[in-house]
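In what follows, a structure is listed as structure tokens, so that the remarks can point back to it.
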Amino acid sequence: MNLSDWRTEYDKYNLHEENLPSLPLDLFRLWFDKAVEDLNPEPNAFILSTVSADLQPKSRVVLLKEIEAAKFVFYTNYSSQKGQDLQTNPKTSMLFFFPFSQRQIRIEGKVSKLSREKAVEYFASRPVESQVSAMASSQSRIVKREALIEKAAELRNAGNIVCPEDWGGYAIEPHYFEFWQGQPGRLHDRIIYNLDPHSHWEQYRIAP
């Protein structure tokens with residue numbers, strides 16, 4: 001399969017340092033709102049990358065649920081592969097891709113678990129089917145489809161739906177942002193915000 005001639009020309013927006021906020025989270029919010037305006041599909045979806053105990057990088061798409069105290073929050077099963085990876089190595093990266101805006105945002109940071117109270121509160125706000133799924137699924141474990149459906153039906157019929165003990169939230173505290181804006185001729189804009197040892201955000205451009 002040869003895809004060498006498959007190209008998209010980027011020409012929608014540009015990125016100039018003189019127009020940028022001093023804090024990366026402010027620019028993230030501006031870009032997120034624009035992604036919604038541009039009708040990007042699931043703009044809160046991002047690729048979460050982790051590294052396992054045997055140093056194997058792993059990536060998957062998860063959903064951003066909140067930004068709280070400048071931290072990015074998502075929820076998952078703590079016993080899942082990503083949960084195990086983050087237990088071993090709490091360093092992670094996020095990648096948001098907004099194709100209709102011709103933009104990407106890369107974020108690097110360190111994760112910490114949210115409180116049990118926070119997990120229970122968010123779990124209660126989810127649709128019932130999502131609650132049942134979280135209870136029925138031993139995420140990342142080998143399973144047969146029929147057994148999973150049967151277990152979900154049993155839980156649904158029993159009506160005793162509670163937040164599992166091994167399910168909850170993570171908060172990613174970022175120390176690095178890269179805002180990527182596609183440009184004609186592949187001379188893309190790449191603006192970095194890097195947190196220095198004094199907790200100040202350094203801003204600079206890097207080559208595409």
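Since every read-out is calculated from the coordinates, none of them should be taken as a lab result. It should be emphasised that the depicted structure is a prediction, and the values quoted were computed from it without experimental measurement. FYI the Cβ positions are ideal-geometry reconstructions off the backbone, even for glycines, and counts take in every protein chain you see.
Between Phe100 and Val51, the FRET efficiency from the beta-carbon distance, with R0 = 30 Å, is close to 0.45.
Calculated mean residue ellipticity, 222 nm, the chain: -8000 deg cm²/dmol, from DSSP H runs (n ≥ 4) at -39500 (n - 2.57) each, averaged per residue and rounded to 500. Structure note, pairs Lys82/Lys151; Lys71/Lys118; Lys12/Lys110; Lys113/Lys151; Lys71/Lys144: Cα-Cα distances above 26 angstrom occur for Lys12/Lys110; Lys113/Lys151; Lys71/Lys144.
Rounded to the nearest 10 degrees, the angle from helix 145-158 to the longest Cα principal axis of the chain is 70 degrees.
Would you work out if region 133-176 is rounded, prolate or oblate? Take a ≥ b ≥ c from the square roots of the eigenvalues of the alpha-carbon gyration tensor; rounded if a/c is under 1.5, else prolate when a/b is larger than b/c, oblate otherwise. Oblate is the answer for region 133-176, as a/c is 1.5 or above yet b/c matches or exceeds a/b.
Measuring gaps between exposed loop sites in the chain (GluC sites (Glu not before Pro); DSSP loop; at most 16 other Cβ atoms within 10 Å), the longest gap, sites not included, is 10-164. Shape analysis of the chain yields a ratio of the Cα radius of gyration to the Kirkwood radius, Rg/Rh, of 1.02. Charged neighbours of Asp11, selected by a Cβ distance under 15 Å, balance to +1 (K, R count +1; D, E count -1). So what does the Cα-only Debye profile of region 32-127 read at q = 0.15, 0.17, 0.19 Å⁻¹, as log10 I(q)/I(0), no solvent term? Per q value, in the given order, log10 I(q)/I(0) is -0.66, -0.83, -1.00.
Label-to-label distance for Ser130 and Glu17 is 4.1 nm, based on points extended 7 Å past Cα in the beta-carbon direction.
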